[in-house]
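Below you'll find the structure, written out as structure tokens, and then a few comments.
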Amino acid sequence: MKKPILLALSLICIKAFAVDITTIGAVGDGVTDNTEVVQSAIDSCYAIGGGEITFPSGEYLIRPIRMKSNITLHIEAGAILKGSTNLEDYKDAFPYPGGTFNQSCALIWAKGAENIAIVGRGTIHGQGEHENFQLGNDGPGKPFRPKILYFAQCSNVSVQDITLRNSAYWAQHYEECEHVFIRGEKVYSHCNFNNDGIDIDSRDVIVCDCVFDNEDDAICLKSDHAQPCENIVISNCIAASNCNGVKFGTSSIGGYRNISISNLVIHSAAEDNIRHWQERLHHITAPKTVISGIAIEMVDGGQIDGVSVSNVTMKDVQTPIVIRLGGRFRRGGIPLNGETCLQNISISNITAVSESFMSSSITACEGLKVRNVSIDNMVVSHPGGGTAEMARIELPDAPKAYPENRMFGDTYPCCGFFVRNAEGVTLSNIIVVARKPDSRPALRLEGVCDCDIRACHNTSPAGKLVSKDKACGNICVQ
């Protein structure tokens with residue numbers, strides 16, 4: 001960048017703290033590489049205390065750019081930031097060099113910044129459909145693919161009204177951040193594996209009024225550090241997915257505390273280019289399905305304590321609710337962060353239409369207990385057609401299985417809730433509606449103690465309300 005342009009930029013920032021990127025050399029033709037202009041604008045505004053950089057209508061091709069403190073990117077309606085499709089361009093865009101495969105690179109990233117924002121009604125397009133990014137599912141030893149947004153160890157982060165489209169990996173990731181505000185986003189990504197809508201591993205986060213439509217999990221909470229993911233509010237969102245609507249895990253080292261989820265609509269995604277569940281599993285009764293509406297899973301040794309879920313409407317789901325305390329620990333069976341637990345979960349006011357024989361579940365593997373779970377006021381419609389033979393199926397413990405509804409198999413011995421190795425469970429005002437006669441009970445209890453079942457009903461005359469094994473104790477049915 002020539003010095004006169006930098007000087008002019010500095011004068012503009014000093015005068016008005018706002019820059020139209022086209023006035024300093026950016027070209028919105030979809031072909032010109034604008035990386036140096038954009039990064040110089042960020043660096044120069046940062047040097048004088050911050051500023052707002054505006055992208056008017058046009059297509060702006062960029063390689064990775066690094067956000068810095070007190071910077072706002074304003075992407076106006078009609079403006080599209082398009083990411084480079086050359087993997088080599090991302091080699092220096094890692095907030096955690098040498099990190100895990102979750103700690104990938106990104107198109108727009110920051111580490112240790114504060115007071116940063118991306119606003120406006122424009123679009124950031126990752127071009128994740130490009131052949132250079134078609135590298136298969138993630139995992140150790142697999143090549144990294146870039147996210148669209150990745151902010152690490154940042155504070156006071158705001159992303160509002162933006163559309164994120166076609167990421168090569170997760171659409172956005174907030175890791176070890178504090179005070180994050182996400183509002184009015186539209187995220188659409190169906191071009192690659194691991195196309196999560198949003199991944200949160202932070203503290204003091206609000207996500208509201210967003211629409212997610214993704215190949216992988218729509219809303220995912222992670223915990224890759226000893227500090228738990230905590231004080232999270234998710235509300236008034238639409239979550240469409242071929243995997244999970246809302247998922248805790250699978251990374252769960254520190255755990256999750258004080259999480260509130262409310263007023264959600266969950267349904268199948270607009271596209272299904274990878275999963276094709278109906279072709280892979282038995283008894284899937286719709287061509288496109290969400291794996292689980294709400295999946296609360298603790299399998300890597302941390303703690304889940306204090307989760308509230310309320311006012312959720314879901315359809316096209318294989319399984320409405322999955323709560324799992326598993327033993328997939330990362331050091332020879334020893335929890336990474338002290339005693340593991342999953343407790344104090346409250347779920348209420350749920351309406352669900354299921355499309356499989358895999359019921360909702362509350363389970364812990366042998367030697368562990370899920371504690372203090374309350375499910376209240378839930379109506380679930382399921383396909384029906386289960387047989388008396390299915391009601392006698394014994395599900396495996398599966399302590400090392402990847403936590404998913406199908407970890408026990410694709411046919412459950414009940415049609416409402418399967419509960420195993422739990423204590424202090426309250427199931428109240430649950431109506432299980434079979435669309436065809438079903439011989440399975442609504443509730444199956446194994447190794448459960450201190451369980452209150454109140455005003456629950458199984459509408460299928462072929463099936464009873466509760467079955468339980470001999471290890472259960474203090475079961476009260478009212």
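The values are calculated or read from the model by the stated rules, or taken from the named source; none is laboratory data. What you are looking at is a predicted structure, and each value in this text was computed from that prediction instead of being measured. Every residue, glycine as well, gets a Cβ built from its backbone with ideal geometry; the counts of neighbours run over all protein chains shown. For accessibility, only protein heavy atoms count, side chains too; no ligands or nucleic acids. Shrake-Rupley method; radii C 1.70, N 1.55, O 1.52, S 1.80 Å.
I'm told ASP209 meets every condition in (1) within 18 Å of ILE266 (Cα to Cα); (2) open to solvent by less than 10 Å² (accessible area, probe 1.4 Å); (3) of a type in the set (D, E, K, R) except one. Can you identify the failing condition by its number?
The single condition ASP209 does not satisfy is (2).
Considering only the stretch 168-195, how many residues are part of a loop (DSSP other than H, G, I, E, B) and either open to solvent by less than 50 Å² (accessible area, probe 1.4 Å) or in contact with a Pro (Cβ under 7 Å, 6 or more places away or on another chain) (or both)?
So the count comes out to 11.
Out of (1) at pLDDT below 95; (2) among the aliphatic types (A, V, I, L, M); (3) over 23 Å from GLY384 (Cα atoms), what's the single condition that is false for VAL425?
(1)
If I filter the stretch 249-284 down to residues being assigned to a strand (DSSP E or B) and small (Gly, Ala, Ser), which single residue comes out as surrounded by the most Cβ atoms within 10 Å (Cβ to Cβ)?
Checked the stretch 249-284; the qualifying residue surrounded by the most Cβ atoms within 10 Å (Cβ to Cβ) is SER252.
Could you check the stretch 359-382 and list, in sequence order, the residues that are open to solvent by 10 Å² or more (accessible area, probe 1.4 Å) and in contact with an Asp or Glu (Cβ under 7 Å, 6 or more places away or on another chain)?
Hits for the stretch 359-382 are GLU366, LYS369, ARG371.
Inside the stretch 296-314, can you point out the residues that are in a strand (DSSP E or B) and touching a Ser or Thr at 6+ places or on another chain (Cβ under 8 Å)?
Answer for the stretch 296-314, where residues must be in a strand (DSSP E or B) and touching a Ser or Thr at 6+ places or on another chain (Cβ under 8 Å): GLU297, MET298, GLN303, ILE304, VAL307, SER308, VAL309, SER310, ASN311, VAL312, THR313, MET314.
Quick check on ALA401: is it open to solvent by 20 Å² or more (accessible area, probe 1.4 Å) and either among the aliphatic types (A, V, I, L, M) or at positive phi (or both)?
yes
For the stretch 419-478, which residues satisfy the criterion of being within 14 Å of VAL379 (Cα to Cα), open to solvent by 10 Å² or more (accessible area, probe 1.4 Å), part of a loop (DSSP other than H, G, I, E, B) and of a type in the set (Gly, Ala, Ser)?
ALA455 - this is the single residue of the stretch 419-478 that is within 14 Å of VAL379 (Cα to Cα), open to solvent by 10 Å² or more (accessible area, probe 1.4 Å), part of a loop (DSSP other than H, G, I, E, B) and of a type in the set (Gly, Ala, Ser).
Do we have any residue at all in the stretch 73-91 that's surrounded by fewer than 20 Cβ atoms within 10 Å (Cβ to Cβ), touching a residue at least 12 places away in the same chain (Cβ under 8 Å) and on the phi > 0 side of the Ramachandran plot?
yes
Looking only at the stretch 97-119, which residues are open to solvent by 10 Å² or more (accessible area, probe 1.4 Å) and either outside any loop (DSSP other than H, G, I, E, B) or touching a residue at least 60 places away in the same chain (Cβ under 8 Å) (or both)?
THR100, ASN102, GLN103, TRP109, LYS111, GLU114, ASN115, ALA117, VAL119
Need the failing condition index for ARG165 against (1) under 20 Å from ASN70 (Cβ atoms); (2) open to solvent by 30 Å² or more (accessible area, probe 1.4 Å), just the number.
(1)
What tally of residues in the stretch 384-417 results from selecting those that are hydrophobic (A, V, I, L, M, F, W, C) and not in a loop (DSSP other than H, G, I, E, B)?
Residues meeting the conditions: 6.
In the stretch 224-248, which residues are open to solvent by 10 Å² or more (accessible area, probe 1.4 Å), touching a strand residue (DSSP E or B) at 6+ places or on another chain (Cβ under 9 Å) and not β-branched (Val, Ile, Thr)?
ASP224, HIS225, GLN227, PRO228, GLU230, ASN231, SER235, ASN236
Scan the stretch 198-207 and tell me whether some residue there is in contact with a Ser or Thr (Cβ under 9 Å, 6 or more places away or on another chain), touching a residue at least 12 places away in the same chain (Cβ under 8 Å) and farther than 20 Å from ILE296 by Cα.
no
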